[in-house]
1. Can you name the strands (runs of 3 or more DSSP E) wholly within the range A:1-105 that have at least 1 residues being small (Gly, Ala, Ser)?
2. Of all residues being among the polar types (S, T, N, Q) and loosely packed, with under 14 Cβ neighbours inside 10 Å in the range A:32-80, which is modelled with the lowest pLDDT? Just the residue, please.
3. From (1) assigned to a strand (DSSP E or B); (2) at pLDDT 85 or above, pick out the condition that doesn't hold for A:Glu284.
4. When residues of the range B:24-57 are filtered for being among the hydrophobic types (A, V, I, L, M, F, W, C), within 14 Å of chain C (Cβ to nearest Cβ) and surrounded by 14 or more Cβ atoms within 10 Å (Cβ to Cβ), how many remain?
5. Over 23 Å from B:Ile122 (Cβ atoms), away from chain A (no Cβ under 14 Å) and open to solvent by 20 Å² or more (accessible area, probe 1.4 Å): does that describe B:Leu271?
6. Say whether the condition of being within 14 Å of chain B (Cβ to nearest Cβ) and open to solvent by 10 Å² or more (accessible area, probe 1.4 Å) is met by at least one residue in the range C:349-369.
7. Taking the range C:47-81 on its own, how many of its residues are touching a residue at least 24 places away in the same chain (Cβ under 8 Å) and open to solvent by 70 Å² or more (accessible area, probe 1.4 Å)?
8. Got a number for residues in the range A:221-230 being surrounded by 20 or more Cβ atoms within 10 Å (Cβ to Cβ) and at pLDDT 90 or above?
Amino acid sequence: MSEITIQLEGVNKFYGENHIVKDLHLDVFKGEFLTLLGPSGCGKTTTLRMIAGFEQPSSGKILLAGEDVAALPPNKRDVNTVFQNYALFPHMTVRENIGYGLRMKKTPRDEIARRVQDALRMVQMEAYADRKPRQMSGGQQQRVAVARAIVNNPTVLLLDEPLGALDLKLRKQMQFELKHLQQKLGITFLYVTHDQEEALTMSDRVAVIHNGRLEQIDTPAAIYNRPKTRFVADFIGETNLFKGKVVGTSAHEVSVAIEGAIFRFAHAEGQHSGAEVYVSVRPEAMSMTRERPEGEAGLVGRVTEHVFVGSVYKTIVTLPTGLEVVVVQPAASDGLIQQGEEVYLTWDSARSVVLAS
Amino acid sequence: MKKTAVHKKGMLLPLLLPPAIWLFLFLFLPYLNLFSYSFWKPGPFDVVKEFTLHNYAKFFTATSSGSVPYHVLIDTVELALVVTVFTVILSFPLAYYLNFKVTRFKQTIYMLVIIPLWVSYIVRAYSWKIILGTNGILNSAFIWLGVTDHPLDIFLYSKVSVIIGMVHIYTPFVLMPIYTALEQIPRNLLEASKDLGAGRFQSFLHVVVPLALPGVIAGATFAFVLSMGDFLAPSLLGGPDSSTMIANIVQQQFGTSNNWPYGSAIGIVILVLVLAILELTGRAEKRFSALDTVAMRK
Amino acid sequence: MRKRSAWSSIISLAAASALLLAACGGGGSQSAGPAAGNGNAASPASAPSADVKEKVKGQTLNLLTWEGYADPLFTKGFEELYGVKVNPTYFGSSDELLAKLKAGGGSTYDIISPSSDVAQLLVQSDMVEPIDPAKISSFQDLNEKLRNLTDVQKDGKLYGLPFTWGPDYLIYDGDVIKEEPTSWNIFWDPRYKGKVSLWDDINNLYMMGQIMGLDKSDPAALYNMTEEQLQQAKQKLVELKPNVRKYWATAGELNDLFANKEVVLAVGWPLTVKEVNAKGRNLKWTIPQEGATGWIDRLMIVKGTQHRELADLYLDYIASPKAMALVAEVTTYSVANPKAAAHMTKELQEMTYVNDMDKMFTRLNFWQYVKDRARYNEVWTEVKTN
């Protein structure tokens, strides 16, 4: 069992009347890349800042390497932060920026020089060592910010949406670089973002936070394929949420009435007859046919949109009730479906999830 | 429309013209006039417009009793330096406190510091007379507290009172650029500094001070240049040894001594000195300025 | 040269307004003289002839004077008497007078009021016309010494009419210094360290000259000191510095210095004694054994004046006792005509020493033109920046 580096126990944070972080319990394992994912204002940055020491929890405990850090100011905690807008010292060169933390700890000069050089190499910024931040692009500044943090060999590296201001291509490149860097260094990374694609790409585990609460913490695959709450299902990737009612349960299955038809799913806990549920089916798990499917339950609808999006076809089928269902199919498959056509929708019940309301 | 580009350019010129004319009439021409006068000869009624370098020579040459006029300039520079040092010492902590420690009523308190600027200089100087005088508030307080048993003369009509008056009057000029410079320091820099292990004093020394430096230089320059030209404080608050600074000498030349060319020459000398200093401090400011050109988001 | 303080102008205006109010209200406080409240009755001793009046009617007399010297209180009478207008322009320093005069000349100004520091210069530079004492009915009434000052005489002609005068005497705080000082040397007394005030002016050099006894045989010696004598004077003034609290620039400043008990000794003007004592203090004055200097302002006629006859009439008018008394009221300065006493309150008489003129004049050395004024200024500056 992995060692736990950070432990949040029952952490709450209030700003005046606002309850920003609600009873958060979180364990971060040593050496993992954990991402706090959630929409703006959900409390993820606040949580990060509390771990760094810039905010104090209203209640609850934060333990770093087993120690309660409540009394420790930021400069005494063995964590370093990569800030959202880098916060590089404009009056210092890249080298001086990176070496700042080591200088503050009165590290010997030659050691500083060596370690700074290593850090520069790790983020491939040796050529820029004597430049000032204003002479560099956003991406370059970001690397310096990372170098400045990791050179101190912290127990945990906190990253607060560091890629937010970069353009798409650069962002994607940096995602991989950061991932590889983390694997190489072995430092625990606690990453904050609202971009779920980014979270899924980089993380060992993802913690989805909504309205100050931890909805689910799991590997990216699990988050994606087996969301535990409606919010997670909806927030991560694209999904179709079918509202339904449980009409029957058995040992292995549960029957749900959706749009008039009865569908059977693997039994999931907490569902009893009469309960209102949502069934989440990802667009790529949907199938579309012109003919009524044999034996399987299906829904019928009319194609209202059918667009080519580069690698896939995205089709919107509107059901008689008005519900719009999104279907995604690889571009290589049948592209002959026309707008206005009547189609039947089915899906693989193994790839769908029944969620509480 | 074809006209638009030309129209726009044509609009720029009339906008620039009034300030340019103003500057020409009230800055450039007067300086030119001053410059011309410095090369003419004084006469009983009016200036004799014949070229001479005598006025400049006079300023730098000893009189028959051995005293050299330009020593007053040196004394004034010393005084200005002292005033500058004290105003910076006073303004920096105040600006720092306002910026980083005051959360509510920040604007109000800032205004309280700035508003006295709008009160006439003479009124403020006079109020110092009342405070510092033999029977003034300060002496009365000292006697009441038992610090001394008789009033101290040194507080008024001395270098001390001139310095106090000038420091008081020029502090707002120094505070404003320092305050602005401190205000522009992104707060996340201080967080970053703490995050990287710096204590409060270290953050102050390594982050706040270097970034505030341009503001400090600007403010110090204000204080110095203004003090150099101040003739009111010496005249109102100075004693026998401190009532005559270089500006008073110039004032005299345009008054009782009726020697405008000499006054102009001294004026030009001061101007050259001040311009040289402005050049130096301007360069220093540029060298230390890091904030304004960084594309700091948020 | 004497600097007019803002205070004296304010006081003059205040006094004038008070007097006007008193006059309008029936004037109970003025006891002497039926006409000493309005400007009407200050008429010359001999009534002007009808054709003279006719000749000058409608003209404008242009005065170039110190503030307070063209106050309506006394100019109004003249205007009404001759049906003319008096148009004053003011200057704040002798330099300003010179500059304005040079610019305007006789076409702009008719009468000027120079102080003693520039009077001789104007005469010598041919900027003024001789006055005609025969046309001034009160001329013989004017104090003899003042009438005969030589600095405004040239080739047997007189160029200036004595107008107002004042001493630069020793003022002391009667509550602190119980015995009347006999010599200026009291200023150097270590007992009065930091308790003395001098005027910020080259007058101090004249004072030192007097203390050095230079003017015992020749009054003009003070104004023609040799370099050696100037150095001696400078030395004395430098030695005095530890005793000096402040050099006063305006009379108002000196008033404050006494009022706030910053100083107990000073060289100053009657104005200070009057104003500070009005606040309940006990300032006294004396002219020490060495003597004191004095200033005198004169009225002169500008060369090339466009209104010579009117100017003569004005001089005639202003020299009369009643007009002089009004001038004294407005300015609180001493005036040249002792007969003005008849139109002054006892208080005003005392204040302006109108009955003691000769006695004072034996001990006063009136300012004269200083040829080497530049050097005097330099030496005084050297004292201050020593």
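1. Per the criteria, A:4-15, A:59-64.
2. The residue in question is A:Ser40.
3. Unmet for A:Glu284, out of (1) assigned to a strand (DSSP E or B); (2) at pLDDT 85 or above: (1).
4. Final tally of qualifying residues: 2.
5. Yes: the conditions hold for B:Leu271.
6. Yes, there is a match, as at least one residue in the range C:349-369 is within 14 Å of chain B (Cβ to nearest Cβ) and open to solvent by 10 Å² or more (accessible area, probe 1.4 Å).
7. Result for the range C:47-81: 7.
8. Total satisfying the criteria: 1.
The values are calculated or read from the model by the stated rules, or taken from the named source; none is laboratory data. The structure displayed is predicted, hence computed values, not measured ones. Using ideal geometry, Cβ is built from the backbone for each residue, glycine included, and neighbour counts are taken over all protein chains shown. For accessibility, only protein heavy atoms count, side chains too; no ligands or nucleic acids. Shrake-Rupley method; radii C 1.70, N 1.55, O 1.52, S 1.80 Å.
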